[in-house]
């Protein structure tokens, strides 16, 4: 079992794929949670840096958790994600993000997130979430 | 694998050699068709979300792998890296689905490759992806 980074606790993941690739850690209160991933061997590509698919999965998980905070666990789905890969991250690196709610409408949530390692930006994402059953 | 699962197309070649590609996969290469490079993923229980659909992270991982492979194939480079990727999630994938990525090159320069991909299952489109790759080593 991976030990949580100092100040973090383990996020309760429910999606089988997130449980498969996790754990994910968090600190802070609902609506302002900061999420963290410790890069291990499973997450690497053949060049020995984190696979883009793993970063995008972590982004979907972290922004999804933040979306859940905003819509109080209503059913919501990712409509679109835009991502920029700024710098590689390596084995053992701690990747952190505090998702930001840019705007919320009745049916949509707009989020962005800047992912950092040791304070340096490595990955950036913007996503739109739809709350199911809302027009 | 239960027999409710669709079969991979004949001639599918496993391209998951290790690392996250193998841990999240396996992913498969298919024969080119209609000017598109094609890849396949069979949706397994580990790929799901809690709503019973294919997890978006798997779809994006599949797109990233298919488009990276295509970048290497068309450029002849040993290493390409993803610079940007946009994914629209247009429909849910289900357990046992065989998802096919149809990848096309929009433009290639000396150092960059612009790509698009459609992720389909039979007649349904699950995702539409565009992305930019940097050629690192020739």
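The values are calculated or read from the model by the stated rules, or taken from the named source; none is laboratory data. Here the structure is a predicted model, which is why all the values come from computation and not from measurement. Glycine gets a Cβ as well: all are built from the backbone with ideal geometry, and neighbour counts include every protein chain shown.
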(request) Of all residues in the stretch B:115-138, count the ones that are at negative phi and modelled with pLDDT under 95. (result) 4
(message) Filter the stretch B:109-124 down to the residues that are within 14 Å of chain A (Cβ to nearest Cβ) and under 12 Å from residue B:59 (Cβ atoms) and list them by number.
(response) B:117, B:119
(request) Report whether or not residue B:40 is at pLDDT below 95 and away from chain A (no Cβ under 11 Å). (result) no
(message) Tell me the residue from A:112, A:103 that is outside any loop (DSSP other than H, G, I, E, B), over 24 Å from residue B:83 (Cβ atoms) and away from every other protein chain (no Cβ under 12 Å), please.
(response) A:103
(message) Let me confirm something: among B:106, B:86, which residue is part of a strand (DSSP E or B), within 14 Å of chain A (Cβ to nearest Cβ), surrounded by fewer than 22 Cβ atoms within 10 Å (Cβ to Cβ) and touching a strand residue (DSSP E or B) at 6+ places or on another chain (Cβ under 9 Å)?
(response) B:86
(message) I need a count of the residues in the stretch B:20-45 that are over 17 Å from residue B:73 (Cα atoms) and surrounded by fewer than 21 Cβ atoms within 10 Å (Cβ to Cβ).
(response) 6
(message) Restricting to the stretch A:9-25, name every residue that is away from chain B (no Cβ under 12 Å) and in contact with a helix residue (DSSP H, G or I) (Cβ under 9 Å, 6 or more places away or on another chain).
(response) A:11
(message) Name the single residue that is farthest from the other protein chains (Cβ to nearest Cβ) among those in the stretch A:26-66 being touching a helix residue (DSSP H, G or I) at 6+ places or on another chain (Cβ under 7 Å) and surrounded by fewer than 16 Cβ atoms within 10 Å (Cβ to Cβ).
(response) A:31
(request) Give the stretch A:67-93 a look and list any residue that's outside any strand (DSSP E or B), facing chain B (nearest Cβ under 10 Å) and within 23 Å of residue A:134 (Cβ to Cβ), or say none. (result) A:75
(message) With the structure loaded, tell me whether residue B:98 is buried (at least 17 other Cβ atoms within 10 Å of the Cβ) and either at pLDDT below 95 or more than 10 Å from chain A (Cβ to nearest Cβ) (or both) or whether it fails that test.
(response) yes
(request) From B:112, B:48, grab the single residue that is more than 19 Å from residue A:17 (Cβ to Cβ), surrounded by fewer than 22 Cβ atoms within 10 Å (Cβ to Cβ) and at pLDDT 95 or above. (result) B:112
(request) Show the residue pairs that are 6+ apart or on different chains and have beta-carbon atoms under 7 Å apart, the first residue being within the stretch B:51-71 and more than 8 Å from chain A (Cβ to nearest Cβ) and more than 16 Å from residue A:82 (Cα to Cα), the second being part of a helix (DSSP H, G or I) and at pLDDT 95 or above. (result) B:54/B:47
